[in-house]
Amino acid sequence: MISYIKGYFGAVLGLLLITFTSFASESIDQQVQTLLNEPAAIASGKQSYGIYCAACHAKDLSGAVGFNLKDSVWLHGDSASDVFNNISNGFSQAGMPGFGAMLNEQQRKEIVAFIFSKREGLANVEYEIYQPSQYPNYSFSDLDRATPAKQGRADNNLVNFELAETKEYAIVVTADLYAPKDKASMLFAKPGPFSQFEVLIDGEPVKMQGGWDRFWPLKKGFQKLVFKMMLPEAPYHELTQTNPDLRVMTPDEAINFFPVSTKAESIINQLEHNIIADKTVLVQRKKIAELPAYSISVGFPKKINYAFNTKNCSLVGLWKGDFLNVGPNVIGRGKSSSLPIGNWVFKSPQVLGTNDEALCAFNKYQTGEQPKFYFSLNSVELSLTTLKATSTSLTFEYQVINPNGKKSLNIQLPALESGQLTVLANGQNINPKAIDLTQVKAFTVTVSGV
Amino acid sequence: MKLQIKKSLLAASLMAAILPVQAEQVIPTGYKVETIKTPQGMEFHVTGLDVDSKNNIYAATRFGDVWRYTPEGQWQKFAEGLHEPTGLLVEDDNHIVVAQKPELTRLSDTDKDGVADEYIRVADGWKFHDNYHEYHFGPVKDKAGNYYGTLNLSHGDPNAFDMGTMGSSGGYRGWAYQVNQQGEFTPYAFGLRSPAGIGISPDDEIFFTDNQGDWVATSTLQLLKKDKFYGHPVSLIDHPDYTPEKIRNTSVEAYDKWREKPVVHIPHVEIANSPGNPEWNTTKGQFGPFEGQIFVGDQTQSNVFRIMLEEIDGVRQGAVINFIDGFQSGNIRVTFDQKGQLWIGQTARGWGAKGSKPYGLQKVVWDGTTPFELQNIQAKADGFRVSFTQPIDAKSIKKKAISAEQWHYNYGSDYGSPKVDLTQIDINSVKQVDDKTIDIKLDATQGYVVMLDFAGLTNKKGSSASSTKVYYTLNKKPN
């Protein structure tokens, strides 16, 4: 597949190069900036991305064969014009075709806008480092009059506190910060005791919170960050961190969005403990990113997985891929969530079952090759298991153990990111909203084509 | 387990607590610590521990597995995929009940192949909000068949109600609960903070430990009683008579009057920072001369200490003394097996421990040699009666052999309390009662913790005890 694409696209590559170097790069940067404010353009970019790029870069841009496109690491340049040119020309050596011939200019710009709309992380990171002699009062106002002992631009969009090289220093970092657009986040630091901080977002000081760990609420989306840190006077406490962990997380510390310092990057990279259901079906009860508490995850060797929740007695997530990275939930204090590996087919608040917890009474589950959950929904006693798992489908079977006098059952279906749903009883399609319990003793729900 | 650090200024004292000057290991003669090899490649943080009738040891790990260790020394995995269990009870040889964060769960081996195949909900009547600190400790089971557990407050949950440090997003955080044989969940008592250990006495009374921190001056041993308040106001958001405003506006004095006073204060650093479950020694002498006493491990100090209880005019109180220190990791769970050996489950993940290993399993074995140690201490109107496990050398029985001091603690929202009104107490006299017992006359104050150091007392061979400092919580002075 890849070599075929390479051959096909290799021929037109030379032509594309000539065409695209003639573009004025500022104008592309500006045009993409304009598109970023046009929801229709971003939607159209999203659609093209889904068709042409998602296979290699993952639907959520988190990367697979191709690189992660939403973090702050850009090997081939992170300006809109760089990305535009990279899409146009591709990397035939590495297996990415050029799209200059297949997609018109507008489509490619829309894709760049879509990618930038998902962007998380830092850009344009600049730092100034000061020595203690320059701030005799150990006050940030001393820095206004001082010339930095060292200054520059970070080449990898991360703050590297080790650049200071001395034990005692003050640092002022300015950067573009892309926080998640749809979730609240905070800048989070583990500096140890006695260091001083000042944080400005879009020029406004932000109040520091926390005691031992420090944090500052962020805005959603793009913002300008100024981060100042001044280490205490030496000799200082041994727990004071000269190279602190600085990152962006959800306010409940459940999800690490991205590292801000090189130290945080190495810590986050170590937070990996993958549980792969490669040999047998696995059942894991952990805190899972983006799923509600009380979820129980089931992973199949066919690289398809689902989660059952004991509070709504329903399926609250289904994803394709290896099972779970439980590292963030089992390393250190385990404050953060386990991460499903792969792509969502659906996730909470989409459910197979109900979101009404009052209807649910969970009883137990059995392990094995077909894990089975026992519960009541609206007093109807049920069991739920999987009849069949393939790499693109899962067939669930509900058995009615005891209707307890109820004549019908309503099972809400989830909206899927991909694929379709079939609900069958006795070989017939049935309406899941009104399952006739006088007739139906068992029914299946198949999620296929995912 | 508990939050150790709140304010940066506490850090210095904290480090002193975790990294003390290397001292000789405290261990009574006749006892030794053995290390059990845990399954290869597993992060074996043991936070649940019990034994069945055939002397299989069951260990629940923080990772979420339950393992069986056979008397032949083999490890077999019994269950997996649990959510950070921090307690385990063997009900019978096919049923294990575990306290995992979201649920009290019975693990059942229905096909008798040695591996659990059913995970049955026993209770989940509280709320779990996916906060890392929402630990669930227990269970113990009383003679009527009721289960009891304790529910930790949360920490760092942005949605929680808090008063500075520990918080609750509701759903009985900071409560103890009861579940009866019919599975009915009853919120049982409140005001708990980080109640990392629950235990049941041979008399069917339930006790729990709580970890030092906000509203807990120093770690405690408490007697669990229905509908009682144990001092941490945050849990009151689930109390029908309270609102957040009322909780904040109620005076410390009012809370102080209302709360149950600890049966035993466990002095911070000297004995423990993060005590685990209290375990009664009912080994009928298999574990040496400390029959009927309570053994508790400490996660931070990597030690095991002893507690002796008594009741004066209906008031519970008692004393605590170090037993063995220098364990390899943080001791959070202890249990006696059928041979009277004391097993210790260990973890140091996320919270430092004196012992350098991140996790593990050890046991304490007695070889039959009686050491010279404090046997018991009882309050008297004019001092204390102290007995020893061996005859005392009469020549060492003199005032100079013993020193004493006393203090009390502040109750309030501060993270822990210093020793308040710390004073030396004069030893008025020391008198031999029999060959192993002495009466120490001194003037101690009711409501204080009294520390007696009998470093000068020796046995007939001239040896002093391995632990010479005993701390008595004098809730009630006998008349």
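Structure notes:
- These residues, B:Glu103, B:Glu80, go from largest to smallest accessible area, 1.4 Å probe, as B:Glu80, B:Glu103.
- Positive-pole candidate from A:Ala361, A:Asn325, A:Leu315, dipole of region A:308-370, charges at beta carbon: A:Asn325
- In region B:374-473, taking the dipole from charged Cβ atoms about the Cα centre, the farthest positive-side position among B:Tyr471, B:Thr423, B:Asn459 is held by B:Asn459.
- Relative to the longest principal axis of the Cα atoms of chain A, the long axis of helix A:2-21 lies at roughly 40 degrees.
- One chain, two ends: B:Asp92 and B:Val365. Fully extended at 0.36 nm per residue, the span grows by 95.8 nm beyond their Cα-Cα distance.
- Here region B:92-141 and region B:309-375 have alpha carbon centers that stand 25 Å from each other.
- For the peptides A:54-65, A:198-209, residues were scored by their other Cβ atoms within 10 Å and the scores averaged per peptide; the highest-first order is A:54-65, A:198-209.
- Residue by residue, region A:256-265 carries 3J(HN,Hα) couplings of 7, 7, 6, x, 10, 10, 5, 4, 4, 4 Hz when phi is fed to the Karplus relation 6.51 cos²θ - 1.76 cosθ + 1.60 (θ = phi - 60°); x denotes Gly or Pro.
- Modelled label positions at A:Thr392 and A:Leu421, each set 7 Å beyond Cα in the direction of Cβ, lie 2.1 nm from each other.
- Cysteines, the protein assembly as shown, no other Cys beta-carbon under 4.7 Å: A:Cys53, A:Cys56
- About its Cα centre, region A:103-220 has a charge dipole of approximately 420 debye under the convention of +1 per Lys or Arg Cβ and -1 per Asp or Glu Cβ, with nothing else charged.
- Taking every C-alpha pair closer than 8 Å and separated by at least 6 residues, the mean separation divided by the residue count of chain A gives a relative contact order of 8 percent.
- When +1 charges are put on Lys and Arg Cβ atoms and -1 charges on Asp and Glu Cβ atoms, the dipole computed for the protein assembly as shown relative to its Cα centre reaches about 640 debye.
- Helices in chain B, meaning DSSP H runs of at least 4 residues, each add -39500 (n - 2.57). Divided by all residues, the mean residue ellipticity at 222 nm is -1000 deg cm²/dmol.
- Share of carbon and sulfur in the accessible heavy-atom surface of region A:274-448 [1.4 Å probe, %]: 47
- Nearest-10 value in Å² for the accessible area of B:Trp343, using the 1.4 Å probe: 10
- With both labels modelled 7 Å from their Cα along Cα-to-Cβ, the B:Asp241 to A:Asp155 distance reads 6.9 nm.
- Computed from backbone phi with θ = phi - 60° and the Karplus coefficients 6.51, -1.76 and 1.60, the 3J(HN,Hα) list for region B:407-422 is 7, 9, 10, 7, 9, x, 6, 4, 7, x, 10, x, 6, 9, 6, 5 Hz; x is used for glycine and proline.
- Exposure ranking of B:Ile27, B:Ile324 by accessible area [1.4 Å probe, largest first]: B:Ile27, B:Ile324
- Rg(Cα)/(2.2 N^0.38 Å) for region A:274-448, N = residue count: 1.00
- Point-to-point label distance, A:Lys441-B:Glu24, nm (Cα→Cβ direction, 7 Å offset): 7.7
- Difference of contour (0.36 nm per residue) and Cα-Cα distance, A:Ala184 to A:Gln30: 52.7 nm
- Simple point charges give the picture: +1 on the Cβ of Lys and Arg, -1 on the Cβ of Asp and Glu, and for region B:374-473 a dipole about the Cα centre of about 480 debye.
- Protein-only accessible surface order, largest first, of B:Tyr148, B:Tyr359 at 1.4 Å: B:Tyr359, B:Tyr148
- Shown here for region A:199-278: GluC sites (Glu not before Pro) in loop regions (DSSP other than H, G, I, E, B) with at most 13 other Cβ atoms within 10 Å, namely A:Glu233, A:Glu238, A:Glu272.
- A Förster distance of 51 Å, applied to the separation of the beta-carbon atoms of B:Gln338 and A:Gln412, puts the FRET efficiency at 0.45.
- Karplus (6.51, -1.76, 1.60) ³J(HN,Hα), θ = phi - 60°, over region A:269-282, in Hz, Gly and Pro reported as x: 5, 7, 7, 10, 9, 7, 10, 10, 7, 7, 9, 10, 6, 10
- For B:Asp238, the accessible area of its heavy atoms, probed at 1.4 Å with every protein chain present, is near 40 square angstrom.
- Computed over region A:367-431: relative contact order in percent, which uses C-alpha pairs under 8 Å that are six or more apart: 22
The values are calculated or read from the model by the stated rules, or taken from the named source; none is laboratory data. In this text, all values refer to a predicted model and were calculated from it rather than measured experimentally. Every residue, glycine as well, gets a Cβ built from its backbone with ideal geometry; the counts of neighbours run over all protein chains shown. Only protein heavy atoms, including side chains, enter the accessible area calculation; ligands, DNA and RNA are left aside. Shrake-Rupley method; radii C 1.70, N 1.55, O 1.52, S 1.80 Å.
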